[in-house]
Amino acid sequence: MARGPSLWKRQGRLLRSPERTHGVGSMPASLRTVVHSLVHAGLVGSAFVVFWVGGVFLSYVWLPVVRRFAPTPLDARLHSHAVIRHGFASFMHALRITRLFNFDPRRNRRVFEDPCVFVANHPTLLDVVAILSCYERLCCVVKPSLYRSFSVGPLLRTCGHLCGSDGTADASQQLLEQAVGRLRDGFSVLVFPEGTRSPAHGLGPFLRGAFEIAARAAVPIVPVSIHCDPPALLRGMPWYRVPVDFVDYGLTELEPRTVSPGRSSVRRSVEEVADILRPDAARRVQTNAVGIPSIAEALQQSP
């Protein structure tokens, strides 16, 4: 008498049947996109919450201690720079561990014996954090609203970062003089010459302020090209609209350039640096033809 399959085997076939298999791997592609988008958006949101909470902690808990015990304001500034650099490096490491952004500050760290003016394209929200995590004794020109903010304003001012100009002649002249002073004190200065984040397909018009600073202080300009592929945290892109892929983020340091005093020399330097940054930025920082689907779009594609 032939015996039927054992209960164990029959149960195994039932468990392995498509109708009874569950998990992310068995989901429709569009539903997987929704799940991954939600997970990535949650991770990015959590990262920014930690970032701002950390900024408030440093500004109102750690900073008063530094001011109290640092022998001089310069010592407080140097110590603040070191702590911020390590904090930003830890933040970028966390983004890499969670497979959001593939960037390792240790591989991009440079040591400059003499101060210089860094100029860079500005495709993403992470650019200031990434650059400051790599370079020592570096002051950045930041937006006035951020410079005066409750959360990180005290920290930015103690570190010696510079308040960006509001467009008036007096504010621009003050920024120029302060930046030259930082360079003469041995600090490098980071400027995004577009004055805002880059457009999605390349570069915006360059302002000449960074080049005027380099000419007056007699220090070189060091162009830095930033790439982000696939695009994320771009201008006009909501922070939660993040790719599900592991984003390749990197800095490319280009050959330093000398800026001679004089209006024509400064204008020529602006055009040259814009030209050498534009092809690299336009090639690497571009949106996909299809684009990154939002959670709502992915839900609409679900069967």
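Where a number appears in this text, it was derived from the coordinates with a stated rule and is not lab data. The shown structure was predicted, so the numbers you read here are calculated from the model rather than taken from an experiment. Positions of Cβ are generated from backbone atoms using ideal geometry, with glycine treated the same way; all protein chains shown enter the neighbour counts.
Based on the Cβ-Cβ distance from E136 to E272, what FRET efficiency comes out when R0 is 22 Å, to the nearest 0.05? Once the sixth-power term is evaluated, E becomes 0.20.
Taking θ as phi - 60° and the Karplus parameters 6.51, -1.76 and 1.60, the scalar couplings of the range 180-190 work out to 4, x, 4, 5, 6, 7, x, 9, 7, 10, 9 Hz in sequence order, x denoting glycine and proline.
Here the spin labels are modelled as points 7 Å beyond Cα on the Cα-Cβ line, and at S90 and D75 they lie 2.3 nm apart. Scalar couplings 3J(HN,Hα) for the range 70-75, obtained by applying the Karplus form with A = 6.51, B = -1.76, C = 1.60 to θ = phi - 60°, are 6, x, 9, x, 5, 5 Hz; x denotes Gly and Pro.
Label-to-label distance for V49 and Q174 is 3.7 nm, based on points extended 7 Å past Cα in the beta-carbon direction. Annotation: amide H of D248 within the under-5 Å range of N102, D229, sequence separation 5 or more or interchain, hydrogens built in the peptide plane.
How big is Rg to Rh over the range 30-290, alpha-carbon atoms, Rh as the Kirkwood inverse-mean-distance radius? Intermediate results must be reported in sequence, preceding the final value.
Numbers: Rg = 18.5 Å, Rh = 19.1 Å.
Answer for the range 30-290: 0.97.
Database remark: amide H of Y135 closer than 5 angstrom to no amide H (H placed geometrically; neighbours at sequence offset of 5 or more, or on other chains; Pro and chain starts carry no H). Close amide H partners of L190, meaning residues 5 or more places away or on another chain with modelled amide H under 5 Å apart, are F118, C139, C140, V141.
Summing charges over all other residues whose Cβ lies under 13 Å from the Cβ of L58, with Lys and Arg as +1 and Asp and Glu as -1, gives +3. Stretched out straight at 0.36 nm per residue, the stretch from S260 to L146 would grow longer than its current Cα-Cα span by 37.8 nm.
Within the range 30-290, antiparallel bridges make up roughly 30 percent of the DSSP beta bridges whose residues both belong there.
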